[in-house]
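Here is the structure we will look at, set down as structure tokens.
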Amino acid sequence: MKRSSDGIYFVVPDKMKFASDSLSRLIIQIQGDGDYKKAGKIMDKYMVMTDVLKKDLKKLDKENIPVDIAWVQSSDVLMK
């Protein structure tokens, strides 16, 4: 996922398949190994919502524009 200078988000198709395949493979491996420490590190790395993204989502919310991104869980919830 990329963000242009004018605030438009888009997927880079050439990178998407590799990225999703790699991350899926890593998640399945971590689950299979039961490696909670490594899972925590992955969550810390990827479960991040930047200030820019938060600001952009607030703009959409203010205009009642629906989005596909919903931050409804945190690592605290997932690690219970």
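The values are calculated or read from the model by the stated rules, or taken from the named source; none is laboratory data. Note that the structure is predicted; figures quoted are calculated from it, not measured. Cβ atoms come from the backbone with ideal geometry, glycine included; neighbour counts cover every protein chain shown.
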Answer with yes or no whether Ser74 is surrounded by 10 or more Cβ atoms within 10 Å (Cβ to Cβ) and modelled with pLDDT under 85. yes
For a quick check of your reading of the model, give me the residue pairs whose first member lies in the stretch 1-28 and is among the aliphatic types (A, V, I, L, M), whose second is outside any helix (DSSP H, G or I) and exposed (fewer than 10 other Cβ atoms within 10 Å of the Cβ), with beta-carbon atoms closer than 7 Å and at least 6 apart or on different chains. Val12/Lys2
Subset of the stretch 1-35 that is surrounded by 10 or more Cβ atoms within 10 Å (Cβ to Cβ) and in a loop (DSSP other than H, G, I, E, B) - its residue that is modelled with the highest pLDDT: Asp35
